[in-house]
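Below is a structure I'd like to ask you about.
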Amino acid sequence: MPSYRRPRLPGATIFFTVRLEERGCTLLADEVARLRHAVATTQRERPFTIDAFVVLPDHLHCVWTLPERDSDYSTRWGAIKSRFSRLLRDGCRVGFNPTEAVRCGQEVGWNPTIRRSRSKIAKGDAGIWQRRFWEHHIRDEGDYHAQLAYCWHNPVKHGLVEQPEEWPFSSIHRDRARGHA
């Protein structure tokens, strides 16, 4: 089994890519309100600054800056993923509209716990997210701006829109309003 070593740098600025287990589905865009809630709740409990964020149908990219004496981004991602999964599960029980239940190739009655491997079941993993995430610690100002631009332009790269401003699930709207993009 591989041993993953992640840097532990308090106050670091980090670029992340986080993916759903099933590529090609539209769950994140379809359920962006639940994702926003999961992120905001986690951010209140374990503060961090969101420098950039873009949500695509099956993955997201973001740049965070951690507090000065804090290096624990893995716990934050675990909380966000589990909160989002629970919100989906709970949403399917109360106020679930079966006519809108086609998500990630599933038919009516979609259940976020299906198609899990034995190891995911043993770990209590709902099977929605890829188990890990990719992170890159920002090295300098040029790297920082390159990662922000990557977030903003990713919907264009994937052919979802022609201009970054056209994608509704991006911090580019907030950042342009502040004069940062």
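Readers should treat all values here as calculations from the given coordinates under stated rules, not as data from a laboratory. A quick note: this is a predicted structure, and the numbers were derived from the prediction, not measured. In this analysis, Cβ positions are derived from the backbone assuming ideal geometry, glycine residues included, and neighbour counts consider all displayed protein chains.
Among 68, 45, 31, which comes first, then next, by fewest other beta-carbon atoms within 10 Å?
Fewest to most other Cβ atoms nearby, the residues stand as 68, 45, 31.
Between residue 72 and residue 46, what is the label-to-label distance in nm when each label sits 7 Å out along the Cα-to-Cβ direction?
Calculated label separation equals 0.6 nm.
Between region 27-75 and region 139-172, how many Å separate their Cα centres?
What the calculation gives is 16 Å, centre to centre.
When only DSSP loop residues count, what trypsin sites (Lys or Arg not before Pro) in region 147-181 have their Cβ near at most 11 other Cβ atoms within 10 Å?
Passing sites in region 147-181 are 178.
Here is a follow-up. Among 14-20, 38-44, how do they line up by average Cβ neighbours within 10 Å per residue, starting with the highest?
Highest to lowest by the protection proxy: 14-20, 38-44.
A follow-up question, please. Any chance you could run the full-extension gain for residue 8 through residue 90? It's 0.36 nm times the residue separation minus the Cα-Cα distance, nm to one decimal.
So the chain would gain 26.1 nm between residue 8 and residue 90.
Can you sort 62, 92, 151 from fewest to most other Cβ atoms within 10 Å of each residue's own Cβ?
So the residues, fewest neighbours to most, are 92, 62, 151.
Cut-off is 10 Å between beta-carbons; in what order do 32, 54 appear when sorted fewest neighbours first?
Starting with the residue having the fewest Cβ neighbours, the order is 32, 54.
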